[in-house]
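Read through the structure below, which is laid out as C-alpha cells, and then see the notes.
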Amino acid sequence: MTTTSPLSGNPGVSDRERLAAGDLAELYAAHRLSLVRLAILLVDDQASAEDVVQDAFAHLAGRLHQLRDRHAALGYLRTSVVNGSRSALRRRRTARGYVPPRDVEPPGPDDRAVLAEEHREVLAALDTLAPRQREVLVLRYWSGLSEAEIAEACGISRGSVKSTASRALDVLETTLKEQSR
Amino acid sequence: MNALETRLAEALHARADQLDTPDLTPGTPPAVVTPLHRRRPVVAGVAALALVAAAAVVAVAVSGSDPVGSTRQQDPGIATQSTSAVAPPVDPSVDDEITGADGRFEETDLGYVDPGTPVTTSDGWTGVVSTDSTTLTVTSDQGETWTADLEVAQDGSPNRLAGAQLDFGQAGAGWLVRYGDEYAELTLFNLRSDRLVAATVTGGVPFGDGFTEGDAGYRTWLNGTILRTRVAVGAPDEQRYDVYHWELTGPGEGGEQPDSDVVDLVPVKDGTFCLDGAAGTAIRCAPGTVLQPEDEVGAAEAGTPTTFADGSVGDLVPTGGGFDLQITVDGVPLRTSIPRVSQPALDTRMLRIGDALGYLVREESGDSTAFKVFVISGGDLVLATVTGDVPFGNGYTEESARFRTYPAGGGTALYTEVFGDAIGDGPPVAVYSWDLDAPQAELRPVLVG
C-alpha cells in the first residue's frame, strides 16, 4: 500500500518556470479531485469539500501572477484547502451552537456506511480529534507530505507537527481501544 | 509504519477513494485576475532597474529618512543609462520577489517540553511543569524555588513549558507555558517581588494561537530572541498581518525604587506585513488594495489660515529662524516647530487615515518634495515619525530611482510609489500605503503592490 497521493508529487516543472493564466486550467484538471478528496477527509461531506476547493482555486486565480511555479501553486492550494476546511468546521461548530440540532445535517454517515467496519471505526475515532490533529494525520498518512510540507500547510512549526501527530495517534489508539471494548 | 498507522492510512485511502472524477459536481476553473497597477517589465534592463530600486529603498532608510537629504541632483537620463549599463543580467521574474522584510520574522523553535521535563537555562535556573500540569516550579541556581498554579485544559491536554530561553532585559527571564493543543493560549511567567507571576497581556493584542472574536487568525512565535504575534487583517487569503513584538514591564530603573509588582506584556506594533503560512517569512502582498486616484489638494502658505473639515484651523507661523505649525482646535491653539523648512505649505485638506487625523506640510526643493505629517497625540501637536525602510515624499533614492507620495481618496489614504528608474514614467516597482497611528505619532508603510 502506498501513502502517497497525487498531492505530494513533484509536478516536474522547473522551479523558475512562471505560471501563465492557462496553467490554472491544467492545475484544476489535474488536482481538483485530489484536493476534494483531501477536503472530504477534513470536513467529511462532499458539498463542503467542493466549495472549499473551488474557493481555493478562486484565491489562487487572484494571485496566480505572484507564484513562481506549479509546485508553489500546489502548496498554496493545499494550504488554502486546509484553512478553508478548518473555517468550514468552525462555521459548522458555530452553527451547531445556535441552531437546533435537527436543522443540522450530520456530515457523511451515508458515504461511510459502505466502508468496511474497520475503516469506519478509524474514521469515527478520527472525528474525535481536534481539527489540527486531524489535519496533521490526514496530511501525513493520506497526502504523504513531509513534516516541512505539513508545517507549511497548517501554519505551524515542524516541531508542532511532530508533537501534534504523536499526541493525535495516542488519542486515536485510546479511542479505538475503547470502541473495541 | 506501525499497525495503527497502517490502519489509519488504509482507512483514509478507503474514504478518499470513494470519490472519483465522475462523482464530482461539474466545475470550471475561476477566471484569472490580473492586477491593473502592476505590469511585468518588457525588457530585462527595466527589470534590472527594479532590483536596483528595491535595494535603494533599503539604502535610503539606512542613511536617513529625510527624502530631501537623499535627493540626487543628477540628470535623470544620464543616471538611467549609467545604472542600466552596469547592472548585471537579472532574471525577469525578480519583480515578484520584492518583500521588504525577507527573513525578518523567521521562526525559532520554542522547544516545548512535556510536563515533568525540566528546562535549564544557561545560568543554571530550572523550570518544570508538574506531571499533572497543575503547577510551574522555577528553581534558581542557588536552590530557591517558586511555584505558580496553572489551569488545566478541559480536554486533558497537558501544559507545556517552552524550552527556549526568553530574556526580557531588566524584567528578567520569562517562562512561557502553552495551554492546550488546538488553539493554544500562552501564559508568560516572570519572577517579581519574590513571586512567580503570570504576566497580564495588555493592549488588546491576543497572545497565543487562535482566532479573535472578529474571526481574525493570530499566532505567536519566537523570532530569534523576540516574541512576536501576528494578527490577520484584510481577507483571509491575503496573508496580510499586523505584526507585534512583546515587551515586559520591568521593575523600574534605579536601584532605590522598589520592584513593581506589575508584570504586563505590552505589544509594540512593528507594522503590517504579508507573511507565509508557517514560518514568518515575508512574501509580497497581494494587490488587495485598489489604489485610488491622487487627490487634487490646495496648499496654503504661511500667514494664510486654513479651516479644515472638522473645524480646526491651521496656520504656518514664521518664527524668525523657521516656521511653526499651529492648529487651533475648539479655540485651543496647539503649536510645534517644523524642522528644516524654509518655504513650507500646508495642505488645505487634512488626512483621515483610519481613525487618525493628520496635517500634511510640504516643502518643494528642486524636483523633490519633503512631506511632514503632524498629528495630535496626548494633547500635543506632534510630527509623526516615518518608520520602516520606505522613502516618504517625492524625490529620488540613492540609486536615482524616483519615488512619489500622494494623498488619495479624499485624504483617507496616503501612498508612496517607488519606480524602477529616475524618470518614473513606467509602472512602479513597489507601492506602499501608509498607516497613520496618531497615539504613537507614527507613519508605517504597508506594501500593497
| query | Cross-link partners among lysines for B:Lys269, C-alpha distance below 23 Å, same-chain residues fewer than 8 apart left out? | reply | B:Lys372
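Using a 1.4 angstrom probe on the protein heavy atoms only, line up B:Met1, B:Met350 by accessible area, largest first.
Numbers: B:Met1 130, B:Met350 5 Å².
The ranking, largest first, comes out as B:Met1, B:Met350.
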| query | So how exposed is A:Glu26, as accessible area in Å² (1.4 Å probe, rounded to 10)? | reply | 100 Å²
| said: Between B:Val152 and B:Ile226, what is 0.36 nm times their sequence separation minus the Cα-Cα distance? Round to one decimal in nm. | reply: 24.0 nm
| task | Using only the Cα atoms of segment B:334-411, build the gyration tensor, take square roots of its eigenvalues as a ≥ b ≥ c, and label the shape rounded, prolate or oblate: rounded if a/c is under 1.5, else prolate if a/b is larger than b/c, else oblate. | result | prolate
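So what is the orientation-averaged projected area of segment B:373-443, using the convex hull of its C-alpha atoms, in nm²?
Values: hull surface 20.5 nm².
Averaged projected hull area, Cα only: 5.1 nm².
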| message | Need one value: the accessible area of B:Thr117 in square angstrom, 1.4 angstrom probe, rounded to the nearest 10. | response | 60 Å²
| note | From most to least accessible, 1.4 Å probe, no ligand or DNA/RNA atoms counted, B:Leu191, A:Leu74 line up as B:Leu191, A:Leu74
| Tell me, what is the 1.4 Å probe accessible area of A:Lys162, in Å² to the nearest 10? | 120 Å²
| message | Could you report the buried accessible area between B and A, both sides summed, computed with a 1.4 Å probe and given in Å² to the nearest 100? | response | 5300 Å²
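Using a 10 Å cut-off on Cβ to Cβ distances, tally the other chain neighbours for every residue of A:45-51 and report the average as a whole number.
Numbers: counts 0, 5, 1, 0, 2, 4, 1.
Mean shielding count: 2.
The values are calculated or read from the model by the stated rules, or taken from the named source; none is laboratory data. Owing to the predicted nature of the structure, the values given are computational and were not obtained by experimental measurement. Methodologically, a virtual Cβ is constructed for each residue, glycine included, from the backbone with ideal geometry; neighbour enumeration extends over all protein chains shown. The area values use the complete protein model at the heavy-atom level, side chains included, leaving out ligands, DNA and RNA. Shrake-Rupley method; radii C 1.70, N 1.55, O 1.52, S 1.80 Å.
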